[in-house]
Amino acid sequence: MGSRLSLRGLALGYLTVLLVFPLGMVGYRTFEHGLNAAWNAATTPDAVHAFWLTLLMVAVAVPLNTIFGVGAALLIARREFRGKALFNAAVDIPFAVSPVVVGLALILAYGQPGWFGKDLAGAGIQVIFNPLGMIIASIFISLPFVVRETVPVLREIGTEQEQAAATLGARSWQTFWRITLPAIRWGVAYGVILTTARVLGEFGAVSVVSGKLVGKTETLPLHVQTAFEDFNLAGAYSAAFVLALMAFVAVLSMQLLKGRETA
Amino acid sequence: MSIIVEGVSKAFGDFQALDDVSLEVPDGSLTALLGPSGSGKSTLLRVIAGLEEPDSGAVLISGEDATRLPVRRRGVGFVFQHYAAFKHMTVRDNVAFGLKVRRRQRAEIRARVDELLALVHLEGFADRYPAQLSGGQRQRMALARALAVEPRVLLLDEPFGALDANVRAELRAWLRRLHDEVHVTTIFVTHDQEEAMDVAEQVVVLNHARVEQIGSPREVYEHPQSEFVMRFVGPVTEIGDGLVRPHDIDLRLDPDDGGLEAMIERVVHLGFEVRVELTLASDRRLWAQLTRARATELELEPGQIVWVRPDRSPSSAADGEGSAARPGVGIAGELGD
C-alpha cells in the first residue's frame with residue numbers, strides 16, 4: 001500500500017514539475033493583468049491572423065492525411081504487393097526525421113534555387129515562404145498518425161466480416177462504408193486527433209519554410225516565438241495559452257473517445 | 001442447385017491445401033466435408049464460395065461455370081465458424097444487410113427479416129447487438145443473415161465448432177430440421193465424424209488435400225475404402241494385421257469356436273456398452289465393445305482367457321494411409337499371429 005502511494009506520488013510529482021507547473025505559469029502570466037488585457041493581447045491583428053492560418057493548416061492537412069492514412073492502412077493490412085515493406089517503412093519517415101530537416105528538404109525541392117522551384121515560379125506558384133509550403137510541411141510531419149492508429153485495428157478486426165459482406169452481395173465500396181469504416185472508426189478518430197494536435201503545435205518544419213513573415217506566414221507557434229523575441233510577453237503568453245487550450249481540447253476529445261470505445 | 005467441383009488444386013506457398021479434388025453435390029442435398037485439420041476441407045468450402053481462387057480446376061454451380069465469378073455474384077450463403085457478426089449492427093440490421101445492399105424496399109426488408117428471425121427463433125432479439133447474444137444465438141443470427149438473400153447454396157464452415165457440446169447437439173438437430181424446411185443445397189465442414197454422420201446425407205472424407213471417399217454416412221462407416229477412412233469415421237482396433245470395429249468383435253469361451261486366444265485385462269462398464277480390453281498371446285493389445293447383455297452372459301472377469309473372433313473380416317492395415325480412394329477394398333486380413 002505504501003509503495004503504491006509513493007509510486008503515485010512520484011508519478012504526480014514528475015507530471016507536476018514537467019507539465020502542470022510550466023503550463024500553469026503560462027495560464028497565470030496570460031491572465032496576470034486581468035481578463036481584458038489577456039483578450040487584447042490575444043486579439044491583435046497579427047495574433048488573429050496567426051490563429052486563422054493555424055486553423056487553415058489543420059483544415060487542409062487533417063482531411064488529406066485522414067484519407068491517405070485510411071487508404072495506406074488498408075494497403076498495409078489487407079493487400080500484398082511488391083515493395084510493401086518499403087512502403088510501410090516510408091510511412092514512418094516523418095517520425096524519424098527531424099522537422100528542421102523536413103523544412104530544409106522542402107526548400108531544396110521547391111524553393112527558388114530548388115529542383116522544381118523555377119518551373120513552379122514560372123507557373124505562378126510559390127511554395128516556399130508561402131502558406132502552401134507550410135501546408136505541405138504540416139502534411140509531411142503529421143502523415144503517419146492515422147496510418148499507425150488504423151493498421152492495428154484493421155488487423156484486429158480481421159477479414160471475416162468483410163468476407164461475410166461480400167458473400168451477402170456487397171460491392172467493395174459498400175463493404176468499406178458499411179462494415180470496415182464503422183469497425184475502425186475509433187482508431188481513425190484517434191489518429192485524426194493526434195494529427196490535429198501535431199499540426200497545431202508544429203514549429204520546426206513550418207518555421208523553416210515560412211520565412212516568418214509576420215501577418216502573412218506566421219502560425220500560432222511561430223507567433224509565440226516572434227512575440228517573445230520582440231519582448232511582447234503579453235502577446236507571447238496569450239498566444240501560447242490559446243495554443244495550449246486548442247491542444248487540450250484535442251486531447252480531451254481523445255479521452256472521451258477512449259471512454260466510448262471501451263463502453 | 002447442384003455443385004460440381006472438377007479437379008480443383010490450391011496451394012498456399014509450399015503448402016498444398018487441395019490436390020486435384022473433384023466431387024458432386026446433388027441439388028437440395030445436405031453434404032458434410034469431413035476431415036482432420038489441415039485436410040483442406042475449409043479451403044474447399046472457401047473455393048466453392050469464391051473466397052479463395054483455385055490454382056486450377058473448376059467450380060460449377062447449377063451447371064454454370066462459377067470459377068471466376070466474384071463472391072457477391074455466386075448466390076452463396078456463407079456461415080463462418082466464429083460467426084463474423086457485424087458487431088456495430090443490431091441483430092435486425094445484421095440479417096437485413098444482404099437485402100439493404102440490394103436496395104430492396106424498406107417494408108419488404110422488414111417483413112423478410114421478421115420471417116427469418118422467427119425461423120431461427122430470435123424474434124425477441126431484433127434490437128440487441130451481437131455482443132449481447134450467446135454463441136448459439138449468434139450462429140443462428142448468422143444463419144438467418146445468410147438465408148436472407150435466398151442463396152442457391154448454403155455453405156457452413158465448422159458452424160458449431162465454437163459452441164458447447166449441448167448447444168452443438170441442439171443446433172445440429174435444428175439444422176437438419178431447417179434443411180427439411182428450406183431445402184437449399186447445403187455443404188458444411190466438420191472435423192467431427194459423429195456430427196457428419198448425424199446431419200449429412202452425403203459425406204465427403206478428405207485427407208492430405210485429397211478426397212478419400214464419398215458416400216452416405218452408412219457407406220463410409222461400413223465400407224471404408226482406405227485405412228484412413230476406417231480409422232477416421234469410427235473406433236477401430238487392430239487384430240492381426242487388420243483393422244476392425246470393436247463392436248464387430250465377439251468373444252467366445254469355447255476354443256472350438258475358433259479365433260485368437262486372449263487374456264482379459266480390464267472390463268469397463270460404460271452404461272449401455274461394455275468395453276473389454278484384451279492382450280493377445282503375441283502381447284498385442286486390442287479392445288472389444290460388447291452389449292451389456294452379451295457381457296453379462298459371458299460373465300467376463302479380468303485375467304480370464306477368451307477367444308477373439310471378428311464378425312466381419314478386418315480390412316488390411318497394409319492399405320496405407322494417403323492412398324487414393326478406390327472402390328471395393330475390404331481385404332480380409334490374415335488371422336493368427
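The values are calculated or read from the model by the stated rules, or taken from the named source; none is laboratory data. On a predicted model such as this, the values are computed, not experimentally measured, just so you know. We place every Cβ from the backbone using ideal geometry, glycine too, and count neighbours over all the protein chains shown.
Of B:Val167, B:Val220, all but one fail to be of a type in the set (Val, Ile, Thr), away from chain A (no Cβ under 14 Å), surrounded by fewer than 18 Cβ atoms within 10 Å (Cβ to Cβ) and in a helix (DSSP H, G or I); the exception is B:Val167. Considering A:Leu86, A:Leu108, which residue is out of contact with any strand residue (DSSP E or B) (no Cβ under 6 Å at 6 or more places or on another chain) and within 15 Å of A:Ile136 (Cα to Cα)? Every option except A:Leu108 fails the conditions. Selection within region B:151-164: residues that are of a type outside the set (Val, Ile, Thr) and within 11 Å of chain A (Cβ to nearest Cβ). The member of this set that is surrounded by the most Cβ atoms within 10 Å (Cβ to Cβ) is B:Leu155. One residue is enough: does region B:174-190 have a residue meeting the conditions touching a Gly at 6+ places or on another chain (Cβ under 8 Å), crowded, with 19+ Cβ neighbours inside 10 Å and modelled with pLDDT under 90? Scanning region B:174-190, I find no residue that is touching a Gly at 6+ places or on another chain (Cβ under 8 Å), crowded, with 19+ Cβ neighbours inside 10 Å and modelled with pLDDT under 90, so the answer is no.
Here B:Pro159 passes the criteria (1) touching a residue at least 60 places away in the same chain (Cβ under 8 Å); (2) at positive phi except the one numbered (2). Within region B:97-107, the set of residues being at the interface with chain A (Cβ under 8 Å from one of its Cβ atoms) and part of a loop (DSSP other than H, G, I, E, B) comprises B:Arg102 only.
Do we have B:Ala295 as modelled with pLDDT under 90 and crowded, with 18+ Cβ neighbours inside 10 Å here? So B:Ala295 passes the test. Applying a threshold of 6 Å to beta carbon distances and a minimum spacing of six or more residues, or different chains, the list of pairs starting in region A:229-244 at a residue that is polar (S, T, N, Q) and ending at one that is part of a helix (DSSP H, G or I) reads A:Ser238/A:Thr30; A:Ser238/A:Ala38; A:Ser238/A:Ala41; A:Ser238/A:Ala42. Here B:Glu265 meets the list (1) part of a strand (DSSP E or B); (2) of a type outside the set (A, V, I, L, M); (3) in contact with a helix residue (DSSP H, G or I) (Cβ under 9 Å, 6 or more places away or on another chain) almost entirely, failing just condition (3). Quick check on A:Gln126: is it among the polar types (S, T, N, Q), modelled with pLDDT under 95 and in a helix (DSSP H, G or I)? Spelling it out, it is not the case that A:Gln126 is among the polar types (S, T, N, Q), modelled with pLDDT under 95 and in a helix (DSSP H, G or I). For region A:70-121, a tally of residues being without any contact (Cβ under 8 Å) to a residue 60 or more places away in the chain, exposed (fewer than 12 other Cβ atoms within 10 Å of the Cβ) and not in a helix (DSSP H, G or I) returns 7. Within region A:145-171, residues that are within 12 Å of chain B (Cβ to nearest Cβ) reach partners that are small (Gly, Ala, Ser) and in a helix (DSSP H, G or I) with beta carbons closer than 6 Å, at six or more positions or on different chains, in the pairs A:Ile157/A:Ala183; A:Leu168/B:Gly98; A:Gly169/B:Gly98. Listed conditions (1) among the hydroxyl-bearing types (Ser, Thr, Tyr); (2) surrounded by 16 or more Cβ atoms within 10 Å (Cβ to Cβ); (3) within 14 Å of chain B (Cβ to nearest Cβ) are all met by A:Ser138, apart from (3).
The residues listed here are A:Leu243, A:Leu257, A:Leu252; of these, the one that is assigned to a helix (DSSP H, G or I) and in contact with a Ser or Thr (Cβ under 9 Å, 6 or more places away or on another chain) is A:Leu243. Summed over region B:124-137, the residues that are away from chain A (no Cβ under 12 Å) and assigned to a helix (DSSP H, G or I) give a count of 6.
Scanning region B:134-150 for residues that are surrounded by fewer than 24 Cβ atoms within 10 Å (Cβ to Cβ) and under 20 Å from B:Leu33 (Cα atoms) returns no hits. From the list A:Val192, A:Val188, which one is β-branched (Val, Ile, Thr), within 14 Å of another protein chain (Cβ to nearest Cβ), part of a helix (DSSP H, G or I) and in contact (Cβ under 8 Å) with a residue 40 or more places away in the chain? The conditions single out A:Val188.
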